[in-house]
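Encoded as structure tokens, the structure appears first; notes follow it.
The values are calculated or read from the model by the stated rules, or taken from the named source; none is laboratory data. These figures come from a predicted structure and were not determined experimentally. Every residue, glycine among them, receives a Cβ derived from its backbone with ideal geometry; neighbour counts consider all protein chains shown. Side chains are part of the model used for accessible areas, which takes the heavy atoms of the whole protein and leaves out ligands, DNA and RNA. Shrake-Rupley method; radii C 1.70, N 1.55, O 1.52, S 1.80 Å.
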Amino acid sequence: MPENQPHLTAEPQETGGRPEQRAASQEEDRALVPSIEGETETSPIRLSERIGSIGQGGIRGQASSILLQAAISHIENEKSQLRSERDLAMRNADSYKERYYEEKENAAVLKSERDAAKTQIRLRTILLSVGALISGYGLRAIGEAATQPWAWPSAVVGCAMLLAGWLSPDPPQRAGKE
Amino acid sequence: MILLDIHELKIIGVEDRNIPNKERIVIQPTIQVNLAQFGLFLGHRHPNDTVTPLPDQFFWFGEVTIQPLSWIFVYTGPGKFRQTTEQNTGAPAYVFHWGKQTTVLGHQDIAPTIFRLDGILIAPRT
């Protein structure tokens, strides 16, 4: 309907209705949506509103003091529960911290073992490759008619290097952590 | 969950709240539309203007094609479908009945909400 016109109740000429309906009671309304009234849950807002309303009338009478006592008891229980949860969270945090430092140390050890292994492998490769070159050169020179003065020393040194490379120990292998 | 707005229909309002046999939801179409793809449910309106459907509060219009400027009345009480005219404007009016034995719109936080069907899945016959 246009906004500048007074509200006209829209109604059909004939409804086709049967006059069997009755008005819902408050309980029936509440049953439809219990959370509308919301008196079953003790939310922090409602608790403080209740305590505030007690304060407005003054804390007099048994009923008010019982209600106040219940409210305070509820807060105390919640506080105690929160404290337990906080303590548990702190214990968990400590345990995670411990594990973190353990793993960090482990990683540092692994890193240094890896670096040592790399160096070992590099050295072995050099010994084998250079040893093969020198010994090859030296042995070929020995075989030639006019033997060069450096032939025998080269062959010996080269073979020694080859032997050293073959016999060098394997880099340490860390057993899998269980 | 955020859903798309429905533009094919417009909820004019609720008339005669909590008055037995008169309480009704007034709707108008904005375009020609087949009401079979729409339904109504009662929802609990939250302060941020969202709704949560209330259990077992669903209504389906059925297969009716309507034109703009006509009226749709959904009476919450029992009755039989009528096709008539609106008494002020004379425009066509389609009158449905939800069949509730008691009024249901007494509380302002109960909001009639239109939804549009996108698909269905029927349980196999067992």
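Scanning segment B:30-47 for residues that are outside any loop (DSSP other than H, G, I, E, B) and within 14 Å of chain A (Cβ to nearest Cβ), we see that the one that is most open to solvent (accessible area, probe 1.4 Å) is B:ARG45. Checked against (1) touching a Leu at 6+ places or on another chain (Cβ under 7 Å); (2) farther than 22 Å from B:ILE6 by Cβ, B:GLY77 passes all but a single condition, namely (1).
Of B:LYS22, B:LYS100, all but one fail to be open to solvent by less than 50 Å² (accessible area, probe 1.4 Å), closer than 23 Å to A:GLY16 by Cβ and basic (Lys, Arg); the exception is B:LYS100.
Which residue is modelled with the highest pLDDT, if the candidates are limited to segment A:2-33 and must be more than 7 Å from chain B (Cβ to nearest Cβ) and within 57 Å of the chain's Cα centre (by Cα)? The extreme case among them is A:SER25. Restricting the first member to segment A:149-173 and to residues that are exposed (fewer than 14 other Cβ atoms within 10 Å of the Cβ), and the second to residues that are of a type in the set (Asp, Glu), the beta-carbon pairs closer than 7 Å and six or more apart or on different chains are A:PRO172/A:GLU113. In segment B:48-97, the residue that is nearest to the other protein chains (Cβ to nearest Cβ) out of those that are among the aromatic types (Phe, Trp, Tyr) and open to solvent by 30 Å² or more (accessible area, probe 1.4 Å) is B:PHE81. Does A:ARG83 satisfy the condition of being part of a helix (DSSP H, G or I), closer than 23 Å to A:PRO171 by Cβ and basic (Lys, Arg)? Answer is no for this residue.
Applying the selection to segment B:107-120, what residues are open to solvent by 30 Å² or more (accessible area, probe 1.4 Å) and either within 13 Å of chain A (Cβ to nearest Cβ) or free of Cβ contacts under 8 Å to residues at least 24 places away in the same chain (or both)? Once the filter is applied, which keeps residues that are open to solvent by 30 Å² or more (accessible area, probe 1.4 Å) and either within 13 Å of chain A (Cβ to nearest Cβ) or free of Cβ contacts under 8 Å to residues at least 24 places away in the same chain (or both), segment B:107-120 yields B:HIS107, B:GLN108, B:ASP109, B:ASP118, B:GLY119, B:ILE120.
Can you find a residue that is over 24 Å from B:HIS107 (Cβ atoms), hydroxyl-bearing (Ser, Thr, Tyr) and part of a strand (DSSP E or B) anywhere in segment B:62-71? Can you show your working first?
We begin by selecting, within segment B:62-71, every residue over 24 Å from B:HIS107 (Cβ atoms); these are B:62-71.
Adding the requirement that they be hydroxyl-bearing (Ser, Thr, Tyr) leaves B:65, B:70.
Adding the requirement that they be part of a strand (DSSP E or B) leaves B:65.
Yes: one or more hits.
B:ASP16 meets all of the listed conditions (1) within 10 Å of another protein chain (Cβ to nearest Cβ); (2) of a type in the set (Asp, Glu); (3) in contact with a Leu (Cβ under 8 Å, 6 or more places away or on another chain) but one, namely (3).
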